[in-house]
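Step one of this worksheet: look at the structure below.
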Amino acid sequence: MWPYPKIVAHRGGGVLAPENTIAAMRCGLTHGFYAVEFDVMLSKDGVPMVMHDPELGRTVQGEGSIADYTAQELMELDAGAWFGVNFIGEPVPSFEQVAHFCIHHNIWMNIEIKPVPGFEDQTGWVVAQAVKRLFEHSLDRTPGALPLLSSFSFDALRAAQLAAPDIPRAFLMDEVTPDWHERLLALGAISLNTNHKHLTPLLARAVKEAGFGLFCYTVNEPARAQEILSWGVDGFCTDRIDLIGPRFGEEPA
Ligand code: G3P
Ligand code: MG
């Protein structure tokens with residue numbers, strides 16, 4: 001059984017706040033989301049930072065590769081101005097800052113390991129070690145108490161498995177290839193996380209019958225959300241936290 005929340009706020013606050021910032025996590029929380037997905041990659045000095053793109057410019061002001069900036073330098077860049085005047089000065093957060101915010105507010109984390117190309121092993125290792133350290137003294141041993149690490153990078157997840165075998169992993173696949181089962185087994189992954197656009201009822205059934213969790217990204221239309229849930233999908237992340245609430249699918253029809 002899927003021990004995690006069913007509906008997860010994508011990049012913290014979906015379309016309502018600048019992605020992958022503390023403001024986004026706070027926005028998700030304001031909308032009742034106690035479950036967030038966010039992306040993590042390493043700075044030049046090997047510090048896990050919450051960011052989506054390996055290059056600056058789209059949401060974070062600046063130019064060049066993330067791998068050329070230290071954590072301190074990244075934390076001084078603006079990650080909110082692109083979104084709106086209310087968010088000018090919102091900084092790039094470190095993973096540690098976001099994790100502390102989530103732990104403090106009891107928010108479950110789906111941590112997507114998104115390595116800068118060429119840094120797959122190192123990123124998987126560092127992020128998994130960081131999660132292990134954060135949760136090693138936690139007394140909550142219930143299924144679902146730990147975050148879920150996910151990645152499109154097989155190598156990053158394998159490194160995470162070596163670094164912290166007890167932190168659950170999910171393999172992200174955009175279009176699911178025929179070797180999905182083999183790959184999940186090789187990674188000791190508990191879940192397949194996939195693009196809902198390519199999902200079919202047949203594949204959903206096969207994944208569930210094989211005993212894995214099935215999680216989708218990024219589902220922004222309520223009718224589509226209902227449809228994939230009816231196929232047995234365990235959960236999904238959404239940008240439209242204004243349309244799809246944390247209790248979606250539980251309300252009486
Ligand atoms: O983790 C699911 C989803 O976030 C994957 O795609 O590009 O939004 O990080 P992306
Ligand atoms: Mg992501």
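The values are calculated or read from the model by the stated rules, or taken from the named source; none is laboratory data. Keep in mind the model is a prediction, meaning the values are calculated, not measured. Glycine gets a Cβ as well: all are built from the backbone with ideal geometry, and neighbour counts include every protein chain shown. Only protein heavy atoms, including side chains, enter the accessible area calculation; ligands, DNA and RNA are left aside. Shrake-Rupley method; radii C 1.70, N 1.55, O 1.52, S 1.80 Å.
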- Message: Let's test the formula: R0 of 30 Å, r as the Cβ-Cβ distance of residue 230 and residue 55. What FRET efficiency results, to the nearest 0.05?
- Response: 0.15
- Query: Out of 105, 94, 84, whose Cα points farthest toward the positive end of the dipole of the chain (charges: +1 Lys, Arg; -1 Asp, Glu; placed on Cβ)?
  - Reply: 105
- Task: Name the long-range amide H neighbours of residue 193: under 5 Å, sequence gap of 5 or more, or other chain; modelled H, no Pro or chain starts.
- Result: 171, 172, 173, 215
- Note on the structure: With 0.36 nm assigned to each residue of separation and the Cα-Cα distance removed, residue 247 to residue 31 gains 76.7 nm
- Note on the structure: Sorted by accessible surface (1.4 Å probe, heavy atoms of the protein chains only), largest first, 69, 34 come out as 34, 69
- Item | Spherically averaged projected area in nm², based on the convex hull that wraps the Cα atoms of the chain | 13.0
- Would you please give the FRET efficiency between residue 65 and residue 100, computed as 1/(1 + (r/R0)^6) with r the Cβ-Cβ distance and R0 = 25 Å, to the nearest 0.05? 0.40
- Message: Check which residues have an amide H placed less than 5 Å from residue 81's amide H, if you skip close sequence neighbours.
- Response: 89, 90
- Square roots of five times the C-alpha gyration tensor eigenvalues of the stretch 155-253, ordered largest first and given in whole Å, equal 26, 15, 12
- Query: Hey, if you put +1 on the Cβ of every Lys and Arg and -1 on every Asp and Glu Cβ in the chain, which of 71, 144, 134 ends up farthest toward the positive end of that dipole?
  - Reply: 144
- Message: At 1.4 Å probe size, put 166, 78 in order of accessible surface, largest to smallest.
- Response: 166, 78
- Query: Could you give me the ³J(HN,Hα) list for the stretch 183-194, computed from phi with Karplus coefficients 6.51, -1.76, 1.60 and θ = phi - 60°, whole Hz, x at Gly and Pro?
  - Reply: 5, 4, 5, 4, 8, x, 7, 9, 8, 9, 10, 9
- Query: What nm value, rounded to one decimal, do you get for the distance between residue 177 and residue 137 when each label is placed 7 Å out toward the C-beta?
  - Reply: 4.3
- Task: Work out the length of the dipole vector of the stretch 145-253 about its Cα centre, built from +1 on the beta-carbon of each Lys and Arg and -1 on the beta-carbon of each Asp and Glu, and round it to the nearest 20 debye.
- Result: 120
- Contour minus Cα-Cα span, residue 185 to residue 145, at 0.36 nm per residue, comes to 12.2 nm
- Report the full-extension gain for the segment residue 82 to residue 162: residue separation times 0.36 nm, less the Cα-Cα distance, to one decimal in nm. 25.0 nm
- In Å, the Kirkwood estimate of hydrodynamic radius for the stretch 1-96 over Cα pairs equals 13.5
- Mind listing the phi-derived Karplus ³J(HN,Hα) values for the stretch 58-74, rounded to whole Hz, using 6.51, -1.76 and 1.60 with θ = phi - 60°, and x for any glycine or proline? 6, 10, 9, 5, x, 9, x, 7, 4, 5, 9, 10, 6, 4, 4, 5, 5
- For every helix of n ≥ 4 consecutive DSSP H residues, a contribution of -39,500 (n - 2.57) applies; sum these over the chain, divide by its total residues, and give [θ] at 222 nm rounded to the nearest 500 deg cm²/dmol. -8500 deg cm²/dmol
